[in-house]
Amino acid sequence: MPLQGPRIITPVPGPKSQELLKLREANVPAGVSVNTPVFVEKGEGALFQDVDGNVFLDFVGGIGVLNIGYSHPEVIDAVKTQAEKFFHTSINVVLYEDYMRVAEKMNQLLPGDFQKKTMLVNSGAEAVENAIKIARKHTGRSEIIVFTGAFHGRTNLTMGMTSKVKPYKFGFGPFAPGIHRALYPYCYRCPYDKERATCGLYCAGQFEAFFLEEVDPTDVAAIILEPIQGEGGFVQIPDEYITVLRDICDTHGIILIADEIQTSFGRTGKLFATEHWPAAPDMWTTAKSIAGGLPISTVTGRADIMDASHAGGIGGTYSGNPVAAAAALKVMDIMERDNFPGRAEELGHLFRSRLNKMKDTYSLIGDVRGRGVMLALELVKDRTTKAPAKDETNAIIKECWENGLVLLSAGARGNVIRFLVPLVITDEQLQAGLDILEAA
């Protein structure tokens, strides 16, 4: 019987999940955190059923991985077909066509009127690491500029690039050198106490002082940023700021890298968030929703930059795994055919309208923001002081999953609810989830 909508039939977590939680506690490190303490039995579209028969609406989507939803039948067929041929052979030993086809597709789809090349790896952090390696090799420089609020991964290099200390960096240092952090334009909480309507993009003008006081631009290999920060709280960079960054990079020979790991594959109303930008970056990293849940990620860039590495300098045993590559090809075909970016725009209008009505009703909501259906609420105790309502955020999320809606917080202050709904969600399911949220 297909899953229809949220349905809670036991206390959450139910008895079977409680038994499995004991197994987890005995065998899995405490550092592997869990947001919703239930065990999935099956998933369909934007819904999953746990082992106790409870059905949940998933507004997290595997942290942005399930834009195409759970268990898409065409992706399942593509995976089965490839699995019957071969599971694996390292691309550094023997070639297979789907790796090349994924690279070809990415080179065609990403914006920018220049020749591109793409390499495949396994995870977002691995994509970022390789992008930095390639940028350093191409420029012959060592320094990297990142931003406040950034999340780029949990490896040593990407932890250093990530902004939030707890839980991602706390106690895990020292980190890789050569990383410099600029202020991301967080307009709701402007660090310069300016108003966006009248500031004249004041924050972008501070790069002159940054280069005097922090790092000389002739030592900088790359500037990397998320078009909309994920873990940072869905903070969106103004499009005009990109024009300034593009000019800075062109003037000083710096590579501009867009970390599209969470923003890509339809979520913002375009296939890639950088399609909204007034100028293209030089490189991209993508992952998450590219293969419907199988681990694969990409590094794409200008061909001359991507060709900078010597043979054997980039790659890896599992990079571009054949089964994951087959899934990625099918996912991209479906997203183009079924106009997933257009659906994200439709969902975004419905979603934002409802969230803005909630904001008019509940003073706890300080800000509604995002692009397409990549949306968030920032919760505050007081709209004037903007004191973060972290405890209230956690309480709302808990009450929601107890009633069949899975949500996730974000932001350095832990007071942002971010929404990463699968783009296959129906209008009725969306409203049902928002009913649960509003009740909480």
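When both residues are 6+ apart or on different chains and their Cβ atoms are under 7 Å apart, which pairs have a first residue that lies in the range 1-29 and is assigned to a loop (DSSP other than H, G, I, E, B), and a second that is open to solvent by 60 Å² or more (accessible area, probe 1.4 Å)?
That search, which allows pairs on different chains as well, returns Pro2/Glu44; Leu3/Glu44; Ile8/Asn403; Val12/Glu402.
In the range 202-247, how many residues are part of a helix (DSSP H, G or I) and either of a type in the set (A, V, I, L, M, F, W, C) or at positive phi (or both)?
The qualifying residues number 10.
Condition first: open to solvent by 10 Å² or more (accessible area, probe 1.4 Å) and either aliphatic (A, V, I, L, M) or not in a loop (DSSP other than H, G, I, E, B) (or both). Now tell me which residues in the range 248-275 satisfy that.
Correct list: Ile248, Asp250, Thr251, His252, Ile261, Leu271, Glu275.
Give, as residue ranges, the strands (runs of 3 or more DSSP E) completely inside the range 55-172 that count at least 3 residues that are among the hydroxyl-bearing types (Ser, Thr, Tyr) and surrounded by 19 or more Cβ atoms within 10 Å (Cβ to Cβ).
Hits in the range 55-172: none.
Go through (1) surrounded by 15 or more Cβ atoms within 10 Å (Cβ to Cβ); (2) touching a Lys or Arg at 6+ places or on another chain (Cβ under 9 Å); (3) among the hydrophobic types (A, V, I, L, M, F, W, C) and name the single condition Val34 misses.
(1)
Based on this model, can you work out whether Gly370 counts as on the phi > 0 side of the Ramachandran plot and part of a strand (DSSP E or B)?
The answer is yes for Gly370.
From the list Glu378, Glu346, Glu336, Glu392, exactly one residue is touching a residue at least 40 places away in the same chain (Cβ under 8 Å), open to solvent by 10 Å² or more (accessible area, probe 1.4 Å) and not small (Gly, Ala, Ser). Which is it?
After ruling out the rest, the residue left standing is Glu336.
Considering each residue of the range 184-207, count those that are in contact with a strand residue (DSSP E or B) (Cβ under 7 Å, 6 or more places away or on another chain) and open to solvent by 30 Å² or more (accessible area, probe 1.4 Å), and give that number.
Number of matching residues: 1.
The values are calculated or read from the model by the stated rules, or taken from the named source; none is laboratory data. Since the structure is predicted, the reported quantities are computational estimates derived from the model, not experimental observations. Reconstructed Cβ throughout: ideal geometry from the backbone, glycine too, with neighbour counts over all protein chains shown. For accessibility, only protein heavy atoms count, side chains too; no ligands or nucleic acids. Shrake-Rupley method; radii C 1.70, N 1.55, O 1.52, S 1.80 Å.
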